[in-house]
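**Student:** Mind looking over this structure? Questions follow.
FYI, it's all coordinate maths here, none of it is from the lab. Keep in mind that this is a model prediction, so the values were computed, not measured. Because the Cβ atoms are built from the backbone with ideal geometry, glycine has one as well, and the counts that use them run over all protein chains shown.
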């Protein structure tokens, strides 16, 4: 970093040309691991739990819809 503006190209240049390149790479990796952008494991698990709950709640309705769709497909496939 030079000044207040982050310049990624300057950071790569410093890593390649300085003797402390491995320390800088280690710091960059640690900073990357600490980022909290993106979706975490807890959020993914919560979404899956909600979807499973919805399937359990509406199981009979979903089964009826799927059976109707398959029966229409099988009856209309005979006309082709």
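**Student:** Can you list, bin by bin at 5 Å, the percent of alpha carbon pairs in the stretch 33-78, starting at 0?
**Tutor:** Pair shares across the bins are 4, 18, 13, 12, 12, 10, 10, 8, 6, 4, 2, 1.
**Student:** Listing 51, 62 from the residue with the fewest other Cβ atoms within 10 Å to the one with the most, what is the order? Mind dumping the intermediate values first?
**Tutor:** Numbers: 51 10, 62 13.
The order, fewest Cβ neighbours first, is 51, 62.
**Student:** Report the full-extension gain for the segment residue 65 to residue 32: residue separation times 0.36 nm, less the Cα-Cα distance, to one decimal in nm.
**Tutor:** Here the segment from residue 65 to residue 32 would lengthen by 7.3 nm.
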